[in-house]
Amino acid sequence: MNLDHFYAAILAGGRGTRLWPQSRERHPKQFADILGSGRTMIQATADRLRGLAEGDHLYVITGRQYADLTAAQLSQTPTENILVEPDGRNTAPAIGLACIHLRRRDPNAIVAIFPADHVITDEAAFRQAVGRAIEAANAGYLVTLGIQPTEPHTGYGYIKRGDPIPELGQEGSPVYAMAEFLEKPDRARAKAFLDDGSYYWNGGIFISRVDRMLSEIERQMPDVFTCLEAIDAGLDSADPEDALREAWADMPAESIDYGVMEGAKNAAVAPMDAGWNDVGSWDALTSILDTNDDGNLIIRTDIISIDSNDNIVYGKEKFIALVGVDNLIVVDAGDALLIGRRDEIQKVKRVVDTLRNDKRSDLI
């Protein structure tokens with residue numbers, strides 16, 4: 001596989017409020033060691049791209065407040081490859097920003113877009129899926145990696161596959177035409193998708209020739225494309241940052257899912273079964289990490305557990321003792337402590353909203 005024209009762009013602008021209090025606005029989950037592995041999530045994302053896209057072939061799109069964090073954690077990435085958005089406008093403008101920079105550098109560039117905060121446990125399967133997607137992108141397809149679903153999840157969008165593309169993939173590992181890009185379903189519909197077997201989760205990973213992605217943005221999102229062209233022209237001006245800010249002020253906020261993928265022409269899906277997880281909540285960690293004999297998941301802490309089962313405990317500084325408690329999530333972030341029932345932990349977003357309303361910026 002020739003990777004001379006292959007580049008990766010990591011999206012690193014999210015806030016990760018569902019993993020509060022370890023994930024904060026000033027230091028969100030992608031810059032934290034959520035799994036206790038010794039590597040932050042963005043570092044782990046870059047690590048799994050070694051041999052595919054690294055060094056000056058790796059780009060990051062992030063917010064101004066996270067540029068220094070990105071540079072510190074990805075020290076091998078050139079600072080000029082850290083593309084800074086003036087403010088968040090969702091994924092379509094972020095991906096478009098990466099594409100106009102890559103178009104200048106390499107007219108034949110292929111770019112793969114990866115969120116910074118995903119976990120993948122089978123890196124060999126991941127690399128194989130990316131390889132098939134690069135092959136399809138080189139043939140002119142707009143490609144998404146379809147995550148093999150393991151449950152009727154209602155929090156993800158879905159991708160329905162069509163027929164295999166004969167000239168792509170290999171025996172046992174086909175690439176399919178994309179039949180439909182679907183919004184998050186209710187549980188009954190999600191179960192029907194799972195039973196059908198021809199649907200995949202949308203993990204937000206896209207691979208395309210840069211010119212192909214920009215042509216789809218131009219066709220389907222002309223207002224976004226106009227702003228991108230203004231940014232591109234501004235790169236030759238005396239003050240590119242000022243030109244970026246001026247054009248960005250008119251940039252619509254739109255996701256690549258709705259803005260491009262739902263109506264994309266010549267789109268394909270490369271299936272991936274690689275132990276993927278977007279770590280959308282504390283409870284999701286039990287599908288990634290091993291629990292002990294009592295069903296407790298202990299991360300980065302010193303603990304004694306007595307007659308306590310099926311808890312998730314994430315520590316930072318304190319010694320923690322559990323006595324006679326079940327199905328709790330306990331997160332010690334040093335200056336804040338979260339304790340909640342596992343089946344109610346999605347309400348942590350209400351904690352963040354309350355803190356914001358109370359102007360507790362020190363805690364969010």
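What do you get for the angle between helix 123-138 and the principal long axis of the chain? Use alpha-carbon atoms, 0 to 90 degrees, nearest ten.
For 123-138 against the chain, the angle is about 20 degrees.
Pop a pseudo-label 7 angstrom from the Cα along the beta-carbon direction at both Arg187 and Asp242 and give the gap in nm to one decimal.
In this crude spin-label approximation the distance works out to 5.7 nm.
For the chain, find the longest principal axis of its Cα atoms and tell me its angle to the long axis of helix 210-220, 0 to 90°, nearest 10.
That works out to roughly 90 degrees.
Taking only the Cα atoms of the chain, how large is their convex hull per residue, in Å³? Write down the numbers at each step before the final one.
On the way: hull volume 54.0 nm³, N = 364.
Each residue corresponds to 148 Å³ of Cα convex hull volume.
Give the residue from Thr154, Leu52, Gln73 lying farthest towards the positive end of the charge dipole for segment 6-277; charges sit on Cβ (+1 for Lys and Arg, -1 for Asp and Glu) and the dipole is referred to the Cα centre.
Thr154
Using alpha carbons only, what's the Rg to Rh ratio of segment 282-357 with Rh from Kirkwood? If you can, show how the numbers build up before the last one.
Details: Rg = 12.5 Å, Rh = 12.8 Å.
Reported Rg/Rh (Cα atoms, Kirkwood Rh): 0.97.
Tell me the angle of helix 187-196 to the major Cα principal axis of the chain, expressed in degrees between 0 and 90 and rounded to the nearest ten.
Taking Cα atoms only, the helix is inclined about 60 degrees.
Given the Cα-Cα distance of Asn266 and Ala72 and 0.36 nm per residue of separation, how much length would full extension add, in nm?
Details: separation 194, 0.36 × 194 = 69.84 nm, distance 3.90 nm.
Full extension from Asn266 to Ala72 adds 65.9 nm.
Just want the answer: with Cβ charges of +1 for Lys and Arg and -1 for Asp and Glu, which residue in Gly275, Leu102, Leu285 is farthest toward the dipole's positive end in the chain?
Looking along the dipole axis, the top candidate is Leu285.
Using a Förster distance of 25 Å, how high is the FRET efficiency between Ala179 and Asp211, based on the Cβ-Cβ distance and rounded to 0.05? Show your work: numbers first, answer last.
On the way: r = 25 Å, r/R0 = 0.98.
It comes out at approximately 0.50.
Can you list residues from other chains, or at least 5 along the same chain, whose modelled amide H is less than 5 Å from the amide H of Ala333?
Here the answer is Leu338, since their amide H atoms fall under 5 Å of that of Ala333.
Would you please put 285-297, 173-185 in order of how densely packed they are, using the mean number of other Cβ atoms within 10 angstrom per residue and starting with the highest? Before the final figure, lay out the partial values.
Working: 285-297: 14.2, 173-185: 17.2.
Most protected by this proxy first, the peptides run 173-185, 285-297.
Near Lys160, which lysines are there with a Cα under 29 Å away, not counting those fewer than 8 places off in the same chain?
Lys184, Lys191, Lys265
Label points 7 Å out from Cα along the Cβ direction at Ala139 and Thr226: separation in nm?
3.7 nm
Which whole-number percent gives the relative contact order of the chain, counting Cα pairs below 8 Å spaced six or more residues apart? It would help to have the intermediate numbers written out before the result.
On the way: 720 pairs, mean separation 68.8, N = 364.
Computed over the chain, the figure is 19 percent.
Taking 22 Å as R0, compute the FRET efficiency from the Cβ-Cβ separation of Lys359 and Asp87 and round it to 0.05.
Details: r = 20 Å, r/R0 = 0.91.
Once the sixth-power term is evaluated, E becomes 0.65.
Need the full-extension length gain, Asp335 to Phe319, defined as separation in residues times 0.36 nm minus the C-alpha distance. One decimal, nm.
Taking 0.36 nm per residue and subtracting the Cα distance, the gain is 4.3 nm.
For the residue pair Asp278 and Ser37, what label-to-label distance in nm results when each label sits 7 Å from Cα along the Cα-to-beta-carbon direction?
It works out to 1.9 nm between the two label points.
Calculate the FRET efficiency for Ser198 and Thr121 from the Cβ-Cβ distance with a Förster distance of 25 Å, rounded to the nearest 0.05.
On the way: r = 24 Å, r/R0 = 0.97.
Efficiency at R0 = 25 Å is approximately 0.55.
Could the peptides 13-26, 309-322 be put in order, highest first, of the mean number of other beta-carbon atoms found within 10 Å of their residues? Let's see the in-between values first.
Values: 13-26: 20.7, 309-322: 17.1.
Answer by packing, highest mean first, reads 13-26, 309-322.
Coordinate-derived values only; no laboratory data. Every value quoted in this text rests on a predicted model; they were computed, and no experiment measured them. Don't worry about glycine lacking a Cβ; one is built from the backbone with ideal geometry, like all the others, and counts go over all protein chains shown.
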